[in-house]
Amino acid sequence: MRILLADDDDQLQRALRITLTARGYDVLSARDGAEAIDLAANGHPDLILLDLGMPRVDGLDVIRAVRAWSDLPILVLSGRADSAEKVEALDAGADDYVTKPFAMDELLARIRARSRRPAGGADEALVRIGDLEVDLAAKTVRRAGGAEAAGEHGAREAAIRLTPTEWRLLELFVRNPGKLLTREMLLSDVWGPYHRNDAGYLRLYVAQLRRKLEPVPSEPRHFLNEPGLGYRFEP
């Protein structure tokens, strides 16, 4: 697995490179935002570790640039602990956010969680959610009817884009219709065992799925909250 490490802190760069290389990862290094975008496009990484306070091009702009053409997992490493900045990074397309300083074991667990591949055969890959068609194999969500459902602006509007983390969460839901999925199970499966109590991550991403997939996000019909327990998916 190849990781792009984009951070202008030389000491952190060295420490992470030594640790990641020792665990079998191939590491690419970028020390400013422009170099990070170039390596993301041409270095073929499988995952990006990104500092927000980058020179030349800010980390948020790096996220937006990469998301314009790629669903590469992006894990933010930042000393900015304010919740509003975390939400801004996640809304821009980041998949996870680690606040500096962090424990190396926690970072490695998050990398492993980001690199997991979904399981399941082709016979269960196509799922309907109301008027939406979810193809888990192709990783696409479209309005039923294709181009006709897109309206006057054409077929491109029929497709709904999800981030890699949103995809992992959606897959857990659609593979378990009608079942109560506890918060701890969802957090552990999507974010890793170190995040079984980080309910804020789960609330944020469920809200994003509702915003993108529910007919009326404020009155969810498919992604239902079970107070004090977790969530239930009803197709």
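If I ask for residues that are modelled with pLDDT of 85 or more, within 17 Å of residue 222 (Cα to Cα) and either loosely packed, with under 13 Cβ neighbours inside 10 Å or touching a strand residue (DSSP E or B) at 6+ places or on another chain (Cβ under 8 Å) (or both), which ones from the range 143-181 would you list? 160, 162, 170, 172, 173, 174, listed by residue number. Only one of the numbered conditions (1) touching a strand residue (DSSP E or B) at 6+ places or on another chain (Cβ under 9 Å); (2) surrounded by fewer than 18 Cβ atoms within 10 Å (Cβ to Cβ); (3) free of Cβ contacts under 8 Å to residues at least 60 places away in the same chain is violated by residue 46, and that is (3).
Contact annotation: residue pairs with Cβ atoms under 6 Å, 6 or more positions apart or on different chains, pairing a residue in the range 215-231 that is in a loop (DSSP other than H, G, I, E, B) with a partner that is among the hydrophobic types (A, V, I, L, M, F, W, C), are 222/129. Check the range 197-215 and report whether any residue there is of a type in the set (S, T, N, Q) and either within 20 Å of residue 132 (Cβ to Cβ) or not assigned by TED's automatic domain parsing to the domain that holds residue 134 (or both). Within the range 197-215 (the criterion being of a type in the set (S, T, N, Q) and either within 20 Å of residue 132 (Cβ to Cβ) or not assigned by TED's automatic domain parsing to the domain that holds residue 134 (or both)), the answer is yes, since at least one residue qualifies. Scanning the range 65-106 for residues that are surrounded by fewer than 18 Cβ atoms within 10 Å (Cβ to Cβ) and part of a helix (DSSP H, G or I) returns 67, 83, 84, 85, 87, 88, 91, 104, 105, 106.
Name every residue in the range 9-32 that is closer than 16 Å to residue 79 by Cβ and either surrounded by fewer than 15 Cβ atoms within 10 Å (Cβ to Cβ) or not charged (D, E, K, R) (or both), in order of residue number. Hits for the range 9-32 are 10, 11, 12, 13, 15, 16.
Yes/no matrix, rows are residues, columns are (1) modelled with pLDDT of 95 or more; (2) farther than 21 Å from residue 70 by Cα; (3) touching a Lys or Arg at 6+ places or on another chain (Cβ under 6 Å):
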{"residue": "1", "(1), (2), (3)": "no, no, no"}
{"residue": "5", "(1), (2), (3)": "yes, no, no"}
{"residue": "10", "(1), (2), (3)": "no, yes, no"}
{"residue": "22", "(1), (2), (3)": "no, yes, no"}
{"residue": "27", "(1), (2), (3)": "yes, no, yes"}
{"residue": "34", "(1), (2), (3)": "no, no, yes"}
{"residue": "38", "(1), (2), (3)": "no, no, no"}
{"residue": "41", "(1), (2), (3)": "no, no, no"}
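The values are calculated or read from the model by the stated rules, or taken from the named source; none is laboratory data. Model, not experiment: these values are computed from the prediction. Cβ: placed from backbone, ideal geometry, glycine included. Neighbour counts: every protein chain shown.
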